[in-house]
Amino acid sequence: IIIAYFSSYYTDAKVTTASAKIAIISEYDLGWLYLGLFLVRQLMLPININLGNARKASKAGLPDQHVYKVMGAEGSKLGYVLMENEGAHGTFNRAQRALQNYHENFPGVVVQYVAASFVFPFEAFVCMMVWQISCCVGAVGYTGNVDGRMNGRLPGYFAMSTIGGMVAIIAFKALLS
């Protein structure tokens, strides 16, 4: 929220323009919409923490998203089937998983982008493009190897959080005015 505040209110003219738009949001009682958008994105974190804890306990490494049991005769010692992580098949699986990571985040990010853009169009656009480029860099890194999945992702996380902060600022200002 702090980064969003300072990146969105950097001139008096920007404050005046943003305040006028927030007044419209408040007039139509849409502050709750903005607060809801902000909280929906923030409340994805506990779900991801839950997944991380379960992944650690199961010892299912990346890019594996599921653990399958090989079905066979009673008492079979065949083990489990995991996604291939080596060679061309491993490269494909990691590229596919990178795309799925993008799909998992896109709806929440784009909805907040649209909402933030009403009040902060240019700033939200810049954040969205940083996030998008970060996703592209991260996808290529992940395709190369499991450890490469975080390549370039940090700027995208900051950008995504900044858009969320813009939505939170709009929500609170609209609800409090």
*When the distances between all Cα atoms of the chain are binned every 10 Å from zero, what whole-number percent does each bin get?*
9, 30, 27, 17, 11, 5, 1, 0
*Just report the Cα centroid separation between the range 1-23 and the range 114-137, whole Å.*
16 Å
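Per residue, what accessible area does the chain have, given a 1.4 Å probe and all protein chains present, in Å²?
Averaged over the residues of the chain, the accessible area is 61 Å².
Given all pairs of different Cα atoms, what value in angstroms does the Kirkwood hydrodynamic radius of the range 89-177 take? Mind showing how you got there, number by number?
On the way: mean 1/r = 0.0730 Å⁻¹.
Kirkwood radius, the range 89-177: 13.7 Å.
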*Accessible heavy-atom area order of 142, 102, highest first, probe of 1.4 Å*: 102, 142
*List the longest stretch of the chain that has no exposed loop site; here a site is one of the GluC sites (Glu not before Pro) assigned by DSSP to anything other than H, G, I, E or B, with at most 15 other Cβ within 10 Å.*
87-177
*How large, in percent, is the carbon and sulfur part of the accessible surface of the range 1-141 at a probe radius of 1.4 Å?*
68 percent
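The values are calculated or read from the model by the stated rules, or taken from the named source; none is laboratory data. Just so it is clear, the structure is predicted and the values come from calculations on it, not from any experiment. When we count neighbours, we look across all protein chains shown, and the Cβ atoms used for this are built from the backbone with ideal geometry, even at glycine. For the accessible areas, the whole protein counts, side chains as well, though only heavy atoms, and no ligand, DNA or RNA atoms are used. Shrake-Rupley method; radii C 1.70, N 1.55, O 1.52, S 1.80 Å.
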